[in-house]
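**Q** Once you've had a glance at the structure underneath, I'll fire off some questions.
Read the figures in this text as sums done on the coordinates, not as results from a lab. Fair warning: this is a prediction, and the values are worked out from it, not measured in the lab. Cβ coordinates were reconstructed from backbone atoms using ideal geometry, including for glycine residues, and neighbour counts include every protein chain displayed.
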Amino acid sequence: MVEVEYDTMKPHIAVLPSPGMGHIIPLFELAKYLVVHHNCHVSFLNITTEASAAQTHLLRSPACTLLPPGLQVIDLPPVDISALVSEETLVLTRLSIIVQESLKSDLKSVLTELGKLQALVIDFFCTQAFEICRELSIPTYTFCTTSTAFLSFALYLPTLDREVECEFVDLLESIQVPDCAPVRIEDLLDQVRNRKIDEYKWMLLHLSRLPMATGIFLNLWEDLEPKSLKAIREHSFYKQIPTPPIHVIGPLIKQDEVPMTEMDAECLAWLDKQPLDSVLFIALGSGGTLTAAQLTELAWGLELSRQRFILVVRKPTDTSASGTFFNVGGDFNDPKAYLPEGFLERTKGVGLVIPSWVPQVMVLRHASTGAFISHCGWNSILESISHGVPMITWPLYAEQRMNATMLVEEVGVAIKLSTGGQEKGIMGREVIERVIRVVMEGDKGKMMRDRARELKDSADKALNFGTGSSYKSLSCVVQEWKAHIS
Ligand code: UDP
């Protein structure tokens, strides 16, 4: 099943992301980076059960033939989970069941066939791999697909679970994670807001297994979250867990979008014609969806602001803020059906409306892009800052509210628009218009842009070949792997 031919003098690493583009994209970048910059051979394990169109496009399009030599994508065949899930099953539960069943049926045989591996790198939600790897004596590293602030909360959650009896959402004060910024109750991620349901149980299970890792990779750089990094490295709480060694190796972000679709090319050609920093980009990650009422207000807010924009739209849904998590990229419906009547005609030339998916990094990299309304998924944050683009935060699900607060209050590259998910009510068009103007026209926007550019420079420096802190951090781990080639 597995075809391998590789140089046995190079470290051979397997990389295993959980489903979801926010997990697959950064782990795929890590895989490429290890091959291109650190002379490793990498087998990227692709869980194909319920794969989205965007996932298949990324990993299985003809562009895959352009993969650097030394990187191979290996499919874990689809498994039948129909008896274990229903329409009502929530995202993390569904994702964890997919991972559990895929790994149960295939991981051991795939890893065995690959021969001697120096390490397996997994993400947060593939922790069932720990037992299999222990049996096969393969060191297992966790790649954290989000912030240090979240990692510190994650390491603290098992303690919180033991010490707090009530629901966390009923606590009267913010949660004081050792030596980090307190986590406000309203910012708590969805999966810990009700401790009685499966979502919480899965989250607690995965997070309480973090200490089983040989090391933890963080996809950021030293200057982004110095306070939380210092806490995790130095505070006695994390030492006594004990927290595995932390390796700060980012920002590893998507580079190019190949092959480009006709729509992608049109979008970039349109951007070429716009003035510097003049376009507001709106995209809500891979899973983000709005209610019909909220999408109407957003469209009106945009129109009233009279700014140039690129709006990525998806069919609205009233049932979930992460409505396209498992099927993004395949939903090219007609936005006319759900945007306010006449919106497309009235904004013609000023704005571009694109259904479902755009090459986000290419848009953020473009000199015409001036700001980004983002749902604050970690990859979107890294991509925005790495291109010096300030953000307007519109968190929807998962840990995005925590990320948004951090960007506004600690990092200084964003302004808050909304505090949260669907239950918080509708954000009105006037508020949206006002915040857009503040960022696109005002001094506040300029200050945030300057700060984003300052951080962009420090991110570039961190990745510098041979000398950057992130480069060196990953290099040290690779040296350890090399030392174990026998
Ligand atoms: N993305 C994209 N085009 C889109 C929407 C998303 O290329 O229209 C990419 C984006 O660049 C990022 C990833 O999908 O790399 C989304 O990850 P993030 O962590 O921001 O959010 P999630 O999807 O996990 O909520």
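**Q** About the Cα centre, and with charges only on the beta carbon of Lys, Arg (+1) and Asp, Glu (-1), how big is the dipole of the chain? Nearest 20 debye, please.
**A** Result for the chain is approximately 840 debye, rounded to the nearest 20.
**Q** Name the longest site-free stretch of the chain, where the excluded sites are GluC sites (Glu not before Pro) in a DSSP loop with no more than 11 other beta-carbon atoms within 10 Å.
**A** My reading of the result: 174-340 is the longest stretch.
**Q** Against the longest alpha carbon principal axis of the chain, how many degrees, from 0 to 90 and to the nearest 10, is the axis of helix 429-441 turned?
**A** Helix 429-441 and the main axis of the chain meet at about 80 degrees.
**Q** If you don't mind, another one. Before rounding to the nearest 500, sum -39500 (n - 2.57) across all DSSP H runs of length at least 4 in the chain and divide by the residue total; then give [θ] at 222 nm in deg cm²/dmol.
**A** Estimated from H runs of four or more residues: -12000 deg cm²/dmol.
**Q** Could you work out how far apart the two model spin labels at M263 and A367 are, taking each label as a point 7 Å from the Cα in the direction of the beta carbon, and quote it in nm?
**A** The answer from the label model is 2.8 nm.
**Q** While we're looking at this one, here's another question. As an exercise, identify the chymotrypsin sites (Phe, Trp or Tyr not before Pro) in region 372-469 lying in DSSP coil whose Cβ has no more than 12 other Cβ atoms within 10 Å.
**A** F465
**Q** Using Cβ counts within 10 Å as a stand-in for footprinting exposure, how do K227, K348 rank, fewest first?
**A** K348, K227
**Q** Evaluate E = 1/(1 + (r/R0)^6) for M9 and I426, where r is the Cβ-Cβ distance and R0 equals 51 Å; express this FRET efficiency to the nearest 0.05.
**A** 0.30
**Q** Do any of K416/K456; K336/K456; K227/K456; K104/K201 go past 26 Å between their Cα atoms, and which?
**A** Distance filter (> 26 Å) returns K336/K456.
**Q** Grab the other residues whose beta carbon is less than 15 angstrom from that of K348, score K and R as +1, D and E as -1, and report the net.
**A** Neighbourhood net charge equals +1.
**Q** Would you list, by chain and number, the lysines whose Cα falls below 17 Å from the Cα of K10, excluding same-chain residues fewer than 8 positions away?
**A** Result set, ordered by chain and number: K32, K116, K482.
**Q** Would you mind checking the tilt of helix 443-462 against the longest principal axis of the Cα atoms of the chain, expressed as 0 to 90 degrees and rounded to 10?
**A** 20
**Q** Give me a comma-separated list of calculated 3J(HN,Hα) values for region 291-300, in order, Karplus coefficients 6.51, -1.76, 1.60 applied at θ = phi - 60°, integers in Hz, x for any Gly or Pro.
**A** 6, 4, 5, 5, 5, 4, 5, 4, 4, 5
**Q** Now a separate question. Suppose R0 equals 22 Å. What FRET efficiency, 1/(1 + (r/R0)^6) with r the Cβ-Cβ distance, do N39 and K461 give to the nearest 0.05?
**A** Efficiency for this residue pair is about 0.45.
**Q** Hey, can you grab everything whose amide H is under 5 Å from the amide H of V42? Only 5+ residues off in sequence or another chain; H modelled, so Pro and N-termini drop out.
**A** I13, L71, Q72
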